[in-house]
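Reading through the structure tokens given below for one structure.
The values are calculated or read from the model by the stated rules, or taken from the named source; none is laboratory data. As the structure is a computational prediction, the values presented were derived from the model and not from experiment. Quick reminder, even Gly has a Cβ in these numbers, built from the backbone with ideal geometry, and neighbours come from all protein chains shown. What goes into the accessible areas is simple: the full protein's heavy atoms, side chains included, and nothing from ligands, DNA or RNA. Shrake-Rupley method; radii C 1.70, N 1.55, O 1.52, S 1.80 Å.
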Amino acid sequence: MFITFEGPDGSGKTTQVKRIGRKLIEKGFDIVYTREPGGTEISDQVREILMNMKNKQMCPRTEILLFCAARAQLVEEVIRPALQSGKIVISDRYADSTLAYQGYGHGFEQETLKQLLNFATGNLWPDLTFLLDIPAEKGLRRRINNQEEWNRMDDYQLAFHERVRNGYHQLAAADPQRWEIIDADQSEEAVENEIMQRLARRLHF
Ligand code: TMP
């Protein structure tokens, strides 16, 4: 089973992915974690190019292709082999981030991006996706308050991040079978409990 976590910057995805992974391991599931962009030696090198504040002149088309390149390598090296051996893969971001950020954020057509994503991933889409939902401004403020490293993507204007958040809602509404929306503007414990309840229903434990 392939489970992904999506959401605006500062929504607490990375924390929750770790917490939920630990809980599932305790329950006896075999888990593989991934994080995007990154997760293999080559994908991590691409991540450095994408996030580096020195690369402010990067145009959106380059950005799209680099996210897809990092993902293609991750799918081939890590995700597909893990799924084939029966493991649960939990990913901190995946293809829906491209539809939300490069699609709704930068305004590229969803259909064009889906074709690119299908090419990059060999048509691999998640079975279940959690949207950790938080207003864009609150998410960015959290990143500043937690003194997390500010990257080139964070540096886009607030209006961009608001389009991203609205885009996530549109993606979730278009495929409610796959998406679960979680209010991420709560304590870490409350968010974790809500995710675990929905997972219990989906995985029957
Ligand atoms: P993060 O590791 O803090 O989640 O940072 C990744 C940043 O890259 C975040 O701002 C979202 C952005 N991103 C995209 O714009 N498109 C993508 O396809 C992915 C995976 C991430």
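Given the criterion within 22 Å of Ile144 (Cβ to Cβ) and touching a residue at least 60 places away in the same chain (Cβ under 8 Å), identify the matching residue among Met51, Met1. Even if it seems obvious, please write down each step before you answer.
Values: Met1 fails: within 22 Å of Ile144 (Cβ to Cβ).
Going through Met51, Met1 in turn, the sole match is Met51.
When the stretch 35-44 is limited to residues that are assigned to a helix (DSSP H, G or I) and under 18 Å from the mean Cα position of the chain (by Cα), the one that is nearest to Ala95 (Cα to Cα) turns out to be Ser43. The residue of the stretch 79-123 that is nearest to the ligand (Cβ to nearest atom), among those that are open to solvent by less than 50 Å² (accessible area, probe 1.4 Å) and touching a Cys at 6+ places or on another chain (Cβ under 8 Å), is Thr98.
If I filter the stretch 134-146 for residues that are open to solvent by less than 70 Å² (accessible area, probe 1.4 Å), within 15 Å of the ligand (Cβ to nearest atom) and either over 30 Å from Lys54 (Cβ atoms) or out of contact with any Gly (no Cβ under 9 Å at 6 or more places or on another chain) (or both), do I get at least one hit? The answer is no, given that none of the residues of the stretch 134-146 is open to solvent by less than 70 Å² (accessible area, probe 1.4 Å), within 15 Å of the ligand (Cβ to nearest atom) and either over 30 Å from Lys54 (Cβ atoms) or out of contact with any Gly (no Cβ under 9 Å at 6 or more places or on another chain) (or both).
Filtering the stretch 24-68 to residues that are in contact with a strand residue (DSSP E or B) (Cβ under 8 Å, 6 or more places away or on another chain) and among the β-branched types (Val, Ile, Thr) leaves Ile25, Ile31, Val32, Thr34. Please go through the stretch 164-205 and pick out each residue that is touching a Gly at 6+ places or on another chain (Cβ under 8 Å) and either among the hydrophobic types (A, V, I, L, M, F, W, C) or surrounded by fewer than 19 Cβ atoms within 10 Å (Cβ to Cβ) (or both). Val164, Ala184, Glu188, Val191, listed by residue number.
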